[in-house]
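What follows is calculated from the coordinates using simple rules that are stated; it is not laboratory data. On a predicted model such as this, the values are computed, not experimentally measured, just so you know. Neighbour counts run over all protein chains shown; Cβ positions are idealised from the backbone, glycine included.
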Amino acid sequence: MKGLFIISGLGVLAMLAEIFKFKKLLYPLVLIGVIVAYVANFMEWNHNMDIPMFANMMRFDNVALAFSGVILITAFFWFILANDFIKQDHVTDYFALVLFALVGAIMLTGFSNMTTLFLGIEILSIPMYVLAASSKRDLASNEAGFKYLIMGSFASGFLLFGIALIYGTTGSFDLMSIRSFISQSQGSLPVFFYAGVLMILVAMLFKVSAAPFHFWAPDVYEGSPTVITALMSTIVKTAAFAAFMRLFLVVFGGVNETWSMVLAVVIALSLIISNITAASQQSVKRMLAYSSISHAAFMLMAILANQRGMTSVSAILYYSLAYSVGSIAAFTILYNVSKAKNSLQIESFNGLAKRHPFLAACMLVAMLSLAGIPITAGFFAKYFIFSVLIATSFKWLIILAILTSAVGVYYYFKIVIAMYFKQEESEDEVIVETSHVLLLVATTIFTFALGIVPGYVIEIFS
């Protein structure tokens, strides 16, 4: 709860920095503020705090605090990555937009009312539309922002229509009241209630860019500035899955027969379309966009499993942390390489191991983790998802996931082959800031640490 207030205060502070002339102090203040917010979150563990001034429409239980912690850790890493980019122009605008997007992300981890769900999504999304189009002189960035806005608006329309149908049935926006109404109805719910559930499902699938609602993601990811793409693929996705999980594991778990088969088909489509399409990409950023759809499918498997207790929640938490750390490392290296080579193509990584072995080694670890190779965090992330799903009737999805993951290994290793086995065509030197070096060291250690002792995260709710 206090973490939400601290990040909100930092957003207001960022807006005041231009007026009161302390822009240069803003970056260290934000980094310190994110650390303080994380510590405040940690201090609230096991307290299950409501926010009474918001009519208890938000509740920060351990699940909310855990996902907020993942978001804040990722945000700290992201601010280190983005320092060089943000310093270029409009410093206070970037900080304010990102911080308020963080406010929306944290709201999505702890909402207990459909109203705060919608507010959290919009507070997160609106700054992201602006950030996607923030390179004003880049036509691709303008196009990305426009596509993101249009598709996000469609998703919000589906969400609101679904919420209206749920309210029409239950007479409440409160999550626990809706859950109680479902359990007491004993299967006698009207048809339009199930239509509302499916509309909310469609809206959330848009937000996590699962197929066939993924068409906006590759263009938006590719057109947006690289550091903004890193923000979308980590913090935004983690927040969206925290909300998705709370809705379909907690609230609509009692009517899972309505949405489970639909979700299974979506997962299968996401695995097939994303991996096959990613294998044909030459742009690293576009390849990572398609791979993010595949990773979304894995996290959806834990929701589909609908396991009682905290098994599914722990699997999603671990996966989101492992994926976020690996993605931050990959986008940090891509940002530095593309800045030096002026290219986002796989060929820009040719010969990187000879000219900059440190960057190549860190990229290798990131690719191994995203591909799910032992002993990285990505391997255990997929293992825990499979262990949750194996007890269900959807075992066929595990076979499909393994087969499509083999395709994933192919396109991740295209970058590895370029770095270690191909000759560099240009002599452009890749210069890496000290802060980025430290960030890559931290993410690489983090990736191995999560892979060596995964139990510390997976048993967090036990």
Order the peptides 174-182, 207-215 from the highest to the lowest mean number of other Cβ atoms within 10 Å of their residues.
207-215, 174-182
Where the centroid of each part is defined by its Cα atoms, how far is segment 84-121 from segment 384-462 in Å?
26 Å
Once you order the gyration tensor axes a ≥ b ≥ c over the Cα atoms, which shape class does segment 141-211 get: rounded for a/c under 1.5, otherwise prolate or oblate by comparing a/b with b/c?
prolate
Determine the alpha carbon to alpha carbon distance for each of 21/285; 382/414; 207/422 and list only those over 28 Å.
21/285; 207/422
Only residues of segment 165-194 count here: report those whose backbone N is under 11 Å from the spot 7 Å along Cα→Cβ of residue 56, or say none.
176-177
If packing is taken as the average number of other Cβ atoms within 10 Å across a peptide's residues, how do 320-333, 226-239, 269-282, 397-410 rank, most packed first?
320-333, 226-239, 269-282, 397-410
So how do 173, 358, 380 line up by other beta-carbon neighbours within 10 Å, fewest first?
358, 173, 380
Please express the Cα-Cα pair-distance distribution P(r) of segment 332-402 as a list of whole percents, one per 5 Å bin, running from 0 to the bin with the greatest distance.
3, 15, 19, 16, 12, 10, 10, 9, 5, 2, 0
Over segment 228-369, what is the relative contact order in percent, taking alpha-carbon pairs closer than 8 angstrom and at least six residues apart?
26 percent
Percent relative contact order of segment 2-458, based on C-alpha pairs within less than 8 angstrom and at least six residues apart?
14 percent
Could you check the simple spin-label distance between residue 137 and residue 282, using points 7 Å along Cα→Cβ, in nm with one decimal?
2.6 nm
Could you tell me how many degrees, from 0 to 90 and to the nearest 10, lie between the Cα long axis of helix 434-452 and the main elongation axis, the longest principal axis, of the Cα atoms of the chain?
50 degrees
Can you run phi through the Karplus equation (6.51, -1.76, 1.60; θ = phi - 60°) for segment 176-182 and list ³J(HN,Hα) in whole Hz, with x for Gly and Pro?
5, 5, 5, 4, 5, 4, 5
5 Å is the cut-off here: which amide hydrogens, built 1.01 Å from N in the peptide plane, fall below it relative to residue 345, excluding neighbours closer than 5 in sequence?
284
By the C-alpha gyration tensor axes a ≥ b ≥ c (rounded if a/c is under 1.5, else prolate when a/b exceeds b/c, else oblate), the shape of segment 363-462 is oblate
Among 297-303, 359-365, 193-199, how do they line up from the highest to the lowest mean number of other beta-carbon atoms within 10 Å?
297-303, 359-365, 193-199
